[in-house]
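Presented below is the structure to which this report refers.
The values are calculated or read from the model by the stated rules, or taken from the named source; none is laboratory data. None of the values given here were measured: they were computed from a predicted structure. When we count neighbours, we look across all protein chains shown, and the Cβ atoms used for this are built from the backbone with ideal geometry, even at glycine.
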Protein chains: 2
Amino acid sequence: MSAGPAAAVLIVGSEVLSAKVQDENGPFLARRLHELGVELAAIHVVPDRIDAIVEALLLERRRVGWTFTCGGVGPTHDDVTLPAVARALAVPLVRHPGMERVLREMHARHHSGAALPAAALRMADLPGGTELLGDPEFPTLVVSRVVMLPGVPSFLRHQFERVAHLLGGAPYHLVSLYFSWGEDLLAAPLAAVAESHPRVDVGSYPRFDRADHRVRVTVEGRDAAAVREASGAILAAVAPDALVRSEGLER
Amino acid sequence: MSAGPAAAVLIVGSEVLSAKVQDENGPFLARRLHELGVELAAIHVVPDRIDAIVEALLLERRRVGWTFTCGGVGPTHDDVTLPAVARALAVPLVRHPGMERVLREMHARHHSGAALPAAALRMADLPGGTELLGDPEFPTLVVSRVVMLPGVPSFLRHQFERVAHLLGGAPYHLVSLYFSWGEDLLAAPLAAVAESHPRVDVGSYPRFDRADHRVRVTVEGRDAAAVREASGAILAAVAPDALVRSEGLER
């Protein structure tokens, strides 16, 4: 696959691992990053533990530009993402005056002026150097290209969209070829085309239900001409009547 | 949390990372492992690349007993899970006569006796020492407590259930407390109870919609008495009228 920005997603989610909640944030970010032309290198679902978050962050920062953490930024004892990011980046956790102001104003709006409990101010203790971007009333927290998103899906979407323009992606081009042949017959021609066309990704997705096709083959890349060329090579290597239909082959 | 078997799940899924497919296997395994009393330590979604699979396997084998890989066991060029497991375990990839027989019989059943293409036999090249467990006609592949499951959800479920009894889990006990208070007010009492009751996990899940509660607090562990005791400590620390309802506190 051709070069471009890459990202990783960390779901901080003991509740996902213990099946109390089904994660929506990973699929949402996968879809949006792909639409934006940012390659997603991995999704890690880790428990709400500092060591687990630090380990996954350090692993991904070696290879991707952007890391998105999801969840663990609230005021309770199981919210440990902010100190974990600070530890992974080797920066101190410091009270952020701008974030403190945001929290006090948010609390005043929702609790008609009642005092904010001290514990809630933990949410203003941010990794040193964190910037508040996007919506001033509900800012997105970003430090060294680590984007610390909230776990509540509607909040996460709001904060993600406000920084999406920073990612600098380049769009993908996708062709789908639907075949009546099984993977056993397609394996050899697909391997040959994948080998001779390194600038595209060739995927093979078998079905075993009553769909109109047995395998969907995808050809994807950032260069439209390379995608068309590899798609043509696959079609040339397979008997014409094996193709049920195609998508995305229009010039 | 009290000791018990632990597992990790690897979704081998370029198609999940590029949002072509939404993963069902991670949520299924999370639910079933939890029901079986097996702690799930992480879910990793990695691309269909040997290096990425090997890295995640080596990471998890340092800390969990069982690892489940999902997908990448078919006959096409993007199916690389079997060689990746072999490399991570430092064993050779060897043609398994039992698996070859299974594949030939399966192919003959579905293609009325037509010859099996050579490429399809890649699925019989297994990490040395792999055992075929469960259903003899569609066996589950297990080596050194790495369970290599297929990516098609219905096939994965079939093969998982046939080895579930091997995992040796012990059931969890769960109490859910639904509060009208927000997390800002609950943070301090929850932190104190979590600190003084290390044998249980205390989770806090805020809602910002029109539900009857603002926070669901979960208390979970393998020892029912410890779960009841920690739940009682939380209720004692919070004003009685803040509790909307509870689940799992019987007896």
Could you pull out the residue among B:His158, B:His165 that is assigned to a helix (DSSP H, G or I), in contact with a Gly (Cβ under 9 Å, 6 or more places away or on another chain) and either closer than 30 Å to B:Leu141 by Cβ or not assigned by TED's automatic domain parsing to the domain that holds B:Phe138 (or both)? B:His158
Taking the stretch A:176-211, which residues are part of a strand (DSSP E or B) and touching a residue at least 40 places away in the same chain (Cβ under 8 Å)? A:Ser176, A:Leu177, A:Tyr178, A:Phe179, A:Asp201
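Does A:Ala56 fit the bill of being over 11 Å from the mean Cα position of the chain (by Cα) and away from chain B (no Cβ under 11 Å)?
no
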Scan of the stretch B:212-251 for residues that are in a loop (DSSP other than H, G, I, E, B) and within 25 Å of the chain's Cα centre (by Cα), ordered by number: B:Arg222, B:Asp223, B:Gly248
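Suppose the filter is more than 11 Å from chain A (Cβ to nearest Cβ), in contact (Cβ under 8 Å) with a residue 40 or more places away in the chain and of a type in the set (A, V, I, L, M); does B:Val238 pass it?
yes
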Checked against (1) surrounded by 15 or more Cβ atoms within 10 Å (Cβ to Cβ); (2) outside the structural domain of A:Gln22 (by TED's automatic domain parsing); (3) among the hydrophobic types (A, V, I, L, M, F, W, C); (4) more than 30 Å from B:Ala108 (Cβ to Cβ), A:Ala225 satisfies every condition except (1)
Quick check, is B:Gly65 at positive phi, surrounded by fewer than 19 Cβ atoms within 10 Å (Cβ to Cβ), touching a Leu at 6+ places or on another chain (Cβ under 9 Å) and touching a residue at least 40 places away in the same chain (Cβ under 8 Å)? no
Search result, residues across the stretch B:198-222 that are more than 8 Å from chain A (Cβ to nearest Cβ), buried (at least 18 other Cβ atoms within 10 Å of the Cβ) and within 16 Å of B:Ser176 (Cβ to Cβ): B:Val200, B:His213, B:Arg214, B:Val215, B:Arg216, B:Val217, B:Val219, B:Gly221
Exception for A:Glu24 within (1) surrounded by 24 or more Cβ atoms within 10 Å (Cβ to Cβ); (2) at pLDDT 95 or above; (3) closer than 17 Å to B:Val45 by Cα falls at (1)
